[in-house]
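Student: Right, I'll just put the structure down here and ask away after.
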Amino acid sequence: MTTIASNLTEVPLIDAHLAASRQGGGIRDLLRDTALLVSMLMQGGNTDPANELRERCVQLMTAFSAALEQRGYAADVREDALYAQCGLLDEAVLRYSSIEDRSSWEAHPLQVERFGKLDAGDHVFERLEERMREASPNVDLLECYAAILGLGFRGRYACPTGTSSGVREGETKRAALIVALGARLENLRPAVTRTFIADRNERRIADWFYRFSPWGIAGTCCIAAAFVYLVWGHALDAQLAHLMSSAPAMKP
């Protein structure tokens, strides 16, 4: 996504349709809180009762819907993005969480509560493929789909029987779609992000952090923490060994 700094003048080289779709900041960044919840569920970190977890998911969907409308996205784009988010949350809860009332969630998932239908596993991928075939697709929406898949959404490519051959086949097809989506975005991004930059003396650190996904920030912090832990552990061990060697021997 294009970053616009306060000390920067940009002369757009993009067509009006694509420019208008990106002025609000995109869709992908609106999924940060959803990504955090899904990550927590994947790591088994949720201990909330099913009703509280459902309430949290509903809050995320409500906030996402309001933000999409505020940024001026068309109704069809908002619906596609919301249904993809909803399908991801349903799948993450049923696949990773340890909620006791699982049968109740399975019988009345979020997609039924919000949209009145139970086909996110197929519909999300069907809409994605249709969007990818468009001559001038909404890039923000494609990036949203890429984020949903990056967070682990499997949908119809999950293997219900759990057989190794079925899992491999589903993952192969899903991986091929992810590659195709990435290639489509790469072809579209030059037209979206190509700009003439004037009056730019230096790149601010904040610009780099803005471009980082929440996963990149979290991963960087974890790596830094592990490095500091190892360095300090080694230093403490060395200091302890030095003290032990320099201490006078105890007499019997």
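The values are calculated or read from the model by the stated rules, or taken from the named source; none is laboratory data. Keep in mind the model is a prediction, meaning the values are calculated, not measured. As a convention, Cβ positions derive from the backbone with ideal geometry for all residues, glycine included, and neighbour counts pool all protein chains shown.
Student: Checking Met40 against (1) at pLDDT 95 or above; (2) surrounded by fewer than 18 Cβ atoms within 10 Å (Cβ to Cβ): exactly one of these is not met. Which one?
Tutor: Answer for Met40: the failing condition is (1).
Student: For residues in region 8-37 being in a loop (DSSP other than H, G, I, E, B) and among the β-branched types (Val, Ile, Thr), which is modelled with the lowest pLDDT?
Tutor: Per the stated criteria, the residue is Ile14.
Student: Does Glu106 meet the test of being surrounded by fewer than 20 Cβ atoms within 10 Å (Cβ to Cβ), of a type in the set (Asp, Glu) and under 22 Å from Asp122 (Cβ atoms)?
Tutor: It is true that Glu106 is surrounded by fewer than 20 Cβ atoms within 10 Å (Cβ to Cβ), of a type in the set (Asp, Glu) and under 22 Å from Asp122 (Cβ atoms).
Student: May I pose another question? Hey, can you tell me all the residues within region 121-143 that are more than 18 Å from the chain's Cα centre (by Cα) and of a type outside the set (S, T, N, Q)?
Tutor: Asp122, His123, Glu126, Arg127, Glu129, Glu130, Arg131, Met132, Arg133, Glu134, Ala135, Pro137, listed by residue number.
Student: Let me ask another. Are there any pairs, at least 6 apart or on different chains, whose C-beta atoms fall under 7 Å, with the first in region 161-180 and at pLDDT 90 or above and the second outside any helix (DSSP H, G or I), and if so, which?
Tutor: Correct list of pairs: Arg174/Arg154.
Student: Can you tell me which residues in region 70-103 are among the hydroxyl-bearing types (Ser, Thr, Tyr), surrounded by 13 or more Cβ atoms within 10 Å (Cβ to Cβ) and either in contact with a Ser or Thr (Cβ under 9 Å, 6 or more places away or on another chain) or outside any helix (DSSP H, G or I) (or both)?
Tutor: Residues satisfying the conditions are Tyr73, Ser97.
Student: Pairs please, first residue from region 62-74 and over 16 Å from Leu141 (Cβ atoms), second anywhere and assigned to a helix (DSSP H, G or I), Cβ atoms under 8 Å, 6+ apart in sequence or on different chains.
Tutor: Ala63/Asp33
Student: Let me ask something additional. Only one of Glu55, Glu126, Glu79 is under 24 Å from Glu171 (Cα atoms) and modelled with pLDDT of 90 or more; which?
Tutor: Checking each option against the conditions leaves just Glu126.
Student: Let me ask something else about it. Between a first residue in region 127-139 that is in contact (Cβ under 8 Å) with a residue 12 or more places away in the chain and a second residue that is in a helix (DSSP H, G or I), which pairs have beta carbons less than 6 Å apart while being 6 or more apart in sequence or on different chains?
Tutor: Once the first residue is in contact (Cβ under 8 Å) with a residue 12 or more places away in the chain and sits in region 127-139, its partners that are in a helix (DSSP H, G or I) give Arg127/Asp80; Leu128/Tyr145; Met132/Arg184; Pro137/Arg131; Asn138/Ser21; Asn138/Val77; Val139/Leu188; Val139/Val192.
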